[in-house]
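Attaching a single structure in structure tokens format; questions to follow.
Derivation of every value follows stated rules applied to the coordinates shown; laboratory data play no part. Please read all numbers here as calculations on a predicted model, not as lab measurements. When we count neighbours, we look across all protein chains shown, and the Cβ atoms used for this are built from the backbone with ideal geometry, even at glycine.
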Amino acid sequence: MGLFSYFRPHHARRRRGIVLVVLAVFLAWRVVTESLAAYLAGTMPRVALWLDPGQPAALVALADQAFDLPAAAEADAGVVAAAGNIVEDGEDLSQAFSAFESVGRDQSAARPLPPRNATLVRARARSAVMNAPLCVPALRVLGQLAEADGDDAVAGRFMRAAARLSLHDNIADYWLMKKSVAAGDDASAVYYADVLMRTTPQLARFVVPALARIAESGRSGRLVDKLLTGNPPWRAEFFSLLPVSVTDERVPLDLLLRLRKSAAPPTAAEVENTIDFLVARRHYELAYYIFLQFLPPRELRSAGFLFNSSFEDAPSGAPFDWRIVSGAGVTVDIVPRADGHGRHTLMVDFQYGRVDYRSVSELVMLGPGSYEFKARFKGQLAGPRGLKWRIACAAGPRIGETPMIIGMMPDWRTVTFTFTVPPKDCRAQYVRLDLDARTASEQLVSGSMLFDRLEIARAATGNASRKAVPDP
């Protein structure tokens, strides 16, 4: 009896050890399979479901992929794949939303087409919600299915539920933004637009048109003003896309002028982007008006036919100020004058060998009539061809140029010519300093030249003349 009682606890301990080992192995298997399933859910959802049949992310991934299959026969397979897998990587994300806007949608009703296996897709989305009640993508998929069924009320409930749980589901936020714009709910549209731009700046080209429509309508445009006054991190991107998103070119100007009085006035880059767009569309007068509106008072008082004509201010980069592009083998810069007095001059310095000179240019607004151009220069330039100041219509022919500037001129000289702006097809003009090289061999130039005190004034006579004379 004593011997039996001795062995019984030993066998019990052994059984408990075996149970604990089996339990540990089971738990380890569950941890490994669930972790691996979660890892594979986005890239290999079917394998993930084999490991864990209730894995929510895998169920949603398959539902997303199935949603665009009806259009696969009519669309590029890569685009369809992009539409079903919204990613977080710049250009891919933009391509995905391009697909979301076009592939697998009934263009006449502007709603998604239901998948051929809609029942399976719905079952997977519901299973994902049952396994993870806070699964935002699953709620969004159910919203998409409801929209495909034509039930926008139910779709809205699912989309709003998804957005309340997380603001990082791009499709749900985008859907709510578009529906808010269509319903005239500008406050909600602006809210979701801000969410999208903050969480996913790559989607700006899809969001800015909605904000532009609100700003342009005049109905609730001040909502956009209030948003921009807060200086959100996406404001620069907004102003770069705004001009191409409006039908009235005056809208960007109105926004810029209203923001000028705010605590976060427009930056130089935001103003310059708007001016560049208007110039590219040949809205020269409006672009010039914006340029003048944002000049500091001192510069505005000194603005004439030619802005910053003595190079005393650093060029702003705007078209109506100097734009300098040096190129290879040549340095173009604004430097202090050697004689001091705090003044500056334009320097063009060519190194030895063949140069790739680009340009020094400024856009001006001269009305029809005759004008005289003057420029002071000095320096030494050796080569087959030299420099010329030229004036040409912005969208037309050249209307005047100086004699070629070349050789040794140690003292300041003045070069001048008169020109006539025609009454038609010359609303704006470019003033340019060109290297008058016609062939590659004529680009072998060396030396440097300084320019100062440029001037454009009304001419007493319309007869064109060109001359270069030493200063008295």
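So for segment 323-470, what are the equivalent ellipsoid semi-axes in whole Å, largest first, each being the square root of 5 times an eigenvalue of the Cα gyration tensor? Intermediate results must be reported in sequence, preceding the final value.
Details: eigenvalues 131, 65, 41 Å².
Over the Cα atoms of segment 323-470, the ellipsoid semi-axes are 26, 18, 14 Å.
Any idea how far the Cα center of segment 299-314 sits from the one of segment 196-249, in Å?
Using only Cα atoms to place each centre, the spacing works out to 33 Å.
Same structure again: Can you tell me the length gained on complete extension of the stretch Leu257 to His168, counting 0.36 nm per residue apart and subtracting the Cα distance? The partial results should precede the final answer.
Working: separation 89, 0.36 × 89 = 32.04 nm, distance 3.34 nm.
In short, 28.7 nm is gained.
Relative contact order, percent, of segment 299-343 when contacts are C-alpha pairs under 8 Å separated by at least 6 residues?
With pairs under 8 Å counted, the relative contact order is 24 percent.
Let me ask another. Between Arg343 and Ala314, how many nm apart are label points set 7 Å from Cα along the C-beta direction?
Between Arg343 and Ala314, the simple spin-label model gives 2.3 nm.
List the lysines whose Cα sits under 29 Å from the Cα of Lys378, skipping any in the same chain fewer than 8 residues away.
Lys388, Lys467
Expressed as a rounded percentage, what relative contact order does segment 323-470 have, with Cα pairs under 8 Å and six or more residues apart?
That works out to 33 percent.
For segment 224-369, state the semi-axes of the equivalent ellipsoid (square roots of 5 times the eigenvalues of the alpha-carbon gyration tensor), sorted largest first and rounded to whole angstrom.
Over the Cα atoms of segment 224-369, the ellipsoid semi-axes are 32, 18, 16 Å.
7 Å from Cα along Cα→Cβ at both Leu300 and Tyr352: what's the point-to-point distance in nm?
It is 5.2 nm.
Take the residue pairs Lys178/Lys226; Lys261/Lys424; Lys179/Lys226 and return only those whose Cα atoms are more than 30 Å apart.
In this structure, Lys261/Lys424 lie more than 30 Å apart at Cα.
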